[in-house]
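A short worksheet on the structure shown next.
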Amino acid sequence: MMDSALKLFLLGLAAVAVAAAVVALAVWIVLAVRQAMFRKRIKERYGVTVPSKFHVSKTGRRQGAFRLAYPRWAAAKKDGTRDRRSNDMGVIRPDSVIVFDEWELKTDNPFTAYDMVLKLRGAHVDIAPCAEEIEKRRVLESRLADRRAALDIDGLIARFKDRPTDFEPFCAELFRTLGWQAQTTPPVRDGGFDLRLRRSDGTTYIAECKCYDRRHHVGRPVVQKLQGANAAENAQGMMLITTSSFSADAVSYAKQAGVTLVDGTALVGLCRRAYGETARPVMFPPESSCRLTREDIMRHLPRDMRNQ
């Protein structure tokens, strides 16, 4: 009697499991057909193929926009890299979202999402810039304004008076334009200098950048500090860059220490060589220059996830 009841129970359980599996399969088929139908409609209307990595849904009619989201470690340190004190190696992959007309596309891959945005824009779909594109445009516009200000010393001083920390990236960009490799040091614990430079012939330099008023004379202690910093860095050359000038004592000591001095007049000369001699109006950068590159997107990923 018990065996019969147990058999009936197991048969019933199996029937429920089969029914559940059939329902799940039916739901999956319906959703797959629905996704295929949505992709077909988008292809017919816009001429753009939506990869299978996207989940497509219909929404109310909306203005074109998108948001990029980036993978991150579930257990992360303050700098975003994986906290190896934890055994949690999980990765959180939030969705990047694209909305246009009545459609919403989602994917957990920001590179795939941005590639799709470019294809839609190429098909004349109006999609507003994302936060990263807006920031890139702001940086480019600021850089153009910096270049225009660099045509005379007073313009340079006025440009960086209220944002002196931007003077170092400006100098780095100047040397890149002149064909050097240039890298700014971190604002905290910079080692006593602001730039690492490498000339086209491979010669390495460290540089300190000082944005001062014309009346300020950079003195010998600044030169000594740079020389002391190079004891640890061991670069082949040292450079001190300023918008002002140097004291006689600083010039004398720099000659003994092998430090190249670039005063305001010499700096403007380098700017004119890099950016031209005439003052041109600041033009807005073209939309194509604000397009994100793979490197732009990669910078938002934790350093230890970029090779994956």
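The values are calculated or read from the model by the stated rules, or taken from the named source; none is laboratory data. This is a predicted model, so every value here is computed, not measured. Cβ coordinates were reconstructed from backbone atoms using ideal geometry, including for glycine residues, and neighbour counts include every protein chain displayed. Keep in mind that these areas ignore ligands, DNA and RNA; they rest on the heavy atoms of the full protein, side chains included. Shrake-Rupley method; radii C 1.70, N 1.55, O 1.52, S 1.80 Å.
Worth pointing out:
- Checking each residue in segment 78-91 for being more than 16 Å from residue 298 (Cα to Cα) and within 20 Å of the chain's Cα centre (by Cα) picks out 78, 82.
- Within segment 200-242, being in a helix (DSSP H, G or I) and polar (S, T, N, Q) holds for 224, 227, 230.
- Close pairs (7 angstrom Cβ cut-off, 6 or more residues apart or separate chains): basic (Lys, Arg) in segment 178-202, modelled with pLDDT of 95 or more and buried (at least 18 other Cβ atoms within 10 Å of the Cβ) anywhere: 196/206
- When the residues of segment 190-199 are filtered to those that are in contact with a helix residue (DSSP H, G or I) (Cβ under 8 Å, 6 or more places away or on another chain) and in a loop (DSSP other than H, G, I, E, B), the one that is nearest to residue 153 (Cα to Cα) is 194.
- Selection count where residues are open to solvent by 60 Å² or more (accessible area, probe 1.4 Å) and either under 30 Å from the mean Cα position of the chain (by Cα) or touching a residue at least 12 places away in the same chain (Cβ under 8 Å) (or both), scope segment 235-268: 4
- Here the condition is being in contact with a strand residue (DSSP E or B) (Cβ under 6 Å, 6 or more places away or on another chain), among the acidic types (Asp, Glu) and at pLDDT 95 or above; of 95, 126, it holds for 95 alone.
- Residue check for residue 194: open to solvent by less than 20 Å² (accessible area, probe 1.4 Å) and more than 13 Å from residue 241 (Cα to Cα): no
- Every test in (1) open to solvent by 60 Å² or more (accessible area, probe 1.4 Å); (2) closer than 14 Å to residue 235 by Cβ is passed by residue 148 save one, and that test is (2).
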